[in-house]
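The values are calculated or read from the model by the stated rules, or taken from the named source; none is laboratory data. Since this is a predicted model, take the numbers as computed values, not measurements. Cβ placement follows ideal geometry from the backbone for every residue including glycine, while neighbour counts extend to all protein chains displayed. The protein model used for the area step is the full one, side chains on, heavy atoms only, and it has no ligands, DNA or RNA in it. Shrake-Rupley method; radii C 1.70, N 1.55, O 1.52, S 1.80 Å.
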Amino acid sequence: MTPPSPDSSHRDSTLAPPPGCPAHAYPAPGDTVRLYGPEYEADPMRVFEQLRATHGAVAPVLLTGDLPGWLVLGYREILEVLRTPSRFSHDSRIWNQLRENRVPQDSPMLPVIAWRPDCRFADGEEHQRLRDAINQSMGRFDRRGIRRYVTRFTHQLIDTFAADGRAELVTQFAQQLPMIVLTQMLGMPEEYGPRIVEAATELVKGSEKAVASNQYIMQVLAELVARKHTAPGPDLASWLIDHPAKLNDEEIVNHLWLVLIAANENTTSLMASTLRMVLTDQRFRASLTGGHMTLPDAVEQVLWDEPPTTVVPARWATDDTELAEHSIRAGDMLVLGVAAGNLDSAVRPDLNTPMHGNRSHLAFGGGPHECPGRDVARAIADTAIDTLLMRLPDVQLLVLEDDLSWRSTSWTRHLVALPVQFAPRRVDTAPVRSSRSTAERPTLDSDSVAAAGTAQSPSVHTRQPRRSWWQAVKRRLLRS
């Protein structure tokens, strides 16, 4: 599939060639929309609906650098792609554009879709081997311990702004907590956090810094794995090293990369969107406070309406095939429009109907490659937000909802800022104690986490004074 030449003409859908005709194999001039740039980033959902109206469940698109692909918009069609890896492989090495040397080496697409030795790019037995390693290693974390750990650090973050009566809940809260948890899970020193968050943001944005940012993250993770060979601990890096699947260091580094990037970005977005919904939708807030809806219900509703990843990269056709009456050539790339799929009228004829208790959304993918960190993301989001609402029950949005702004990329759509106000809370501090070493910090599966994470009064907390290393992150993100 070659990029169509620009053309301002538009084809009358009534004159389209019949299904199965070879003309379906290539997009007609003027029909292909770019999934990047100002027009798309201003309102991705509007673009998705226009594409659906014009092309149906599958549409030809251009990705960054005008690389061609197919955007799958239909719920059932997305599941078909997810569940049939024999037709739609995860191995990007079969991408026809790559084989034809049409992809520049500095393309910001490559850090996201270039082949890596991890379970995301494998199929069959190799996928199962790698998937078992990541699933079983992550399964060693105590889920209740994770929630207590999230509660503990949520209180610490709230303490940094509780006395002010105002806060910005994206940069001061949602962008901080997931990485605090993830660095602990991976076994990383906390001081790595600020630079990694900045690098991860540039990588996902697909900016000109994406390639260099990816190289930095890979270097940090390689150094981490080298240390864990000689100083293992109760963390994901050490457990992957010791797993019976015998992963080599390259495989371990790439799986840590996958957990770090996907979990941080998606959980940050999920927290921000859930907070926005709670603060702006009065029916939602009333239902939540009245006991008709729980925080986990709220999280699932957001996963239906505003999934953290709007477009999931990517699959590649193993042979010439058809999908929704479009002819797909061997090696063509397909990207999955899960945000559009979640709103497909075939599965949601009435978008106002609550989806409480329904987890059949596409936010975490599906089939054999369903996101292995989905339960961790849910635990971080609903525990953190529940704790915030308990501490600050009078929290209100400081601006009009229409004044909120969003940042979109080819793959994601995130809230930029969420300014709020509340009655100031007094925060007491305990005497400063000497810092503990990394080895002495409580781990996620330790009984000490439970003791450290015990909640105190919602209005007055005793805390060790802590200079947030996220102040550096906040300054960088506000400049980006």
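Cβ separations smaller than 7 Å between residues 6+ apart or across chains give the following pairs from segment 177-194 residues that are without any contact (Cβ under 8 Å) to a residue 60 or more places away in the chain to residues that are acidic (Asp, Glu) and open to solvent by 10 Å² or more (accessible area, probe 1.4 Å): Thr183/Glu190. Before we move on, is Pro313 open to solvent by less than 10 Å² (accessible area, probe 1.4 Å) and either more than 15 Å from the chain's Cα centre (by Cα) or within 30 Å of Leu418 (Cα to Cα) (or both)? Answer is no for this residue. From the list Ser327, Ser287, which residue is of a type in the set (Gly, Ala, Ser), touching a helix residue (DSSP H, G or I) at 6+ places or on another chain (Cβ under 9 Å), surrounded by fewer than 24 Cβ atoms within 10 Å (Cβ to Cβ) and outside any strand (DSSP E or B)? Answer to the check: Ser287.
Only one entry of Ala53, Ala59 meets the criterion of being without any contact (Cβ under 8 Å) to a residue 60 or more places away in the chain, buried (at least 21 other Cβ atoms within 10 Å of the Cβ) and not hydroxyl-bearing (Ser, Thr, Tyr), and that entry is Ala59. Between Thr318, Thr289, Thr268, Thr274, which is touching a strand residue (DSSP E or B) at 6+ places or on another chain (Cβ under 6 Å) and polar (S, T, N, Q)? Of the residues listed, the single one that is touching a strand residue (DSSP E or B) at 6+ places or on another chain (Cβ under 6 Å) and polar (S, T, N, Q) is Thr318. Screening the candidates Leu71, Leu82 for the property of being within 21 Å of the chain's Cα centre (by Cα), part of a helix (DSSP H, G or I) and of a type in the set (A, V, I, L, M) yields one hit, Leu82.
Checked against the criteria, Ala212 counts as surrounded by fewer than 20 Cβ atoms within 10 Å (Cβ to Cβ) and closer than 23 Å to Leu63 by Cβ. Just one of Arg120, Arg140, Arg116 is of a type in the set (Lys, Arg), under 18 Å from Val253 (Cβ atoms), touching a Leu at 6+ places or on another chain (Cβ under 9 Å) and not in a helix (DSSP H, G or I); which is it? Sole residue among the options that is of a type in the set (Lys, Arg), under 18 Å from Val253 (Cβ atoms), touching a Leu at 6+ places or on another chain (Cβ under 9 Å) and not in a helix (DSSP H, G or I): Arg116.
Pairs linking a residue in segment 234-255 that is surrounded by fewer than 21 Cβ atoms within 10 Å (Cβ to Cβ) to a residue that is β-branched (Val, Ile, Thr), with Cβ atoms under 8 Å and 6 or more positions apart or on different chains, are Pro234/Thr443; Ile241/Val225; Ile241/Ile252; Asp249/Val225. Among the residues of segment 157-167, what is the count of those that are closer than 18 Å to Val399 by Cα and either at pLDDT below 95 or open to solvent by 30 Å² or more (accessible area, probe 1.4 Å) (or both)? Residues meeting the conditions: 2. Close contacts from segment 94-110, counting a first residue that is more than 20 Å from Thr409 (Cβ to Cβ) and a second that is at pLDDT below 90 and in a loop (DSSP other than H, G, I, E, B), with Cβ to Cβ under 8 Å and a gap of 6+ residues or different chains, come to Asn96/Met1. Only one of (1) out of contact with any Gly (no Cβ under 8 Å at 6 or more places or on another chain); (2) part of a loop (DSSP other than H, G, I, E, B); (3) among the polar types (S, T, N, Q) is not met by Ser107, so which one is it? Going through (1) out of contact with any Gly (no Cβ under 8 Å at 6 or more places or on another chain); (2) part of a loop (DSSP other than H, G, I, E, B); (3) among the polar types (S, T, N, Q) one by one, Ser107 breaks only (1). Candidates in segment 203-230 are the residues that are assigned to a helix (DSSP H, G or I) and small (Gly, Ala, Ser); of these, the one that is farthest from the chain's Cα centre (by Cα) is Ala226.
Quick check, is Leu279 open to solvent by less than 10 Å² (accessible area, probe 1.4 Å) and touching a Leu at 6+ places or on another chain (Cβ under 7 Å)? When the stated conditions are applied, Leu279 does not pass them. When segment 168-202 is filtered for residues that are in a loop (DSSP other than H, G, I, E, B), surrounded by fewer than 20 Cβ atoms within 10 Å (Cβ to Cβ) and at pLDDT 85 or above, nothing remains.
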